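No lab work stands behind these numbers, since they all come straight from the coordinates. Please read these numbers as outputs of a predicted model, since none were measured by experiment. Here the Cβ is made from the backbone with ideal geometry for all residues, glycine too, and neighbour counts use every protein chain on show.
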Amino acid sequence: MPHTLELVEDPYAVLREAELIDADKQGTTITYQLRLSVLEDALLAFADSFGIGFAPADVTPAKPAEGRTS
């Protein structure tokens, strides 16, 4: 089965459409910024689809094992 390489004109278009990134263009420079709240929601929904969901309030810091130092 032959494979073809498709050139993507705008590789960030899908991320912008999903509102995962913001783009700021100044002159010829484009700065992309990741929207963490949207990414967090997407990852939580993905984890929940596998039954891995948990409420953030349920998370407690792990205690170091006795005899170990950081």
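Numbers at a glance
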| item | result |
| --- | --- |
| Sorted peptide list for 13-20, 25-32, criterion being average Cβ within 10 angstrom, highest first | 13-20, 25-32 |
| Residues whose placed amide H lies under 5 Å from that of Arg35, excluding near-sequence neighbours | Ile21, Asp22 |
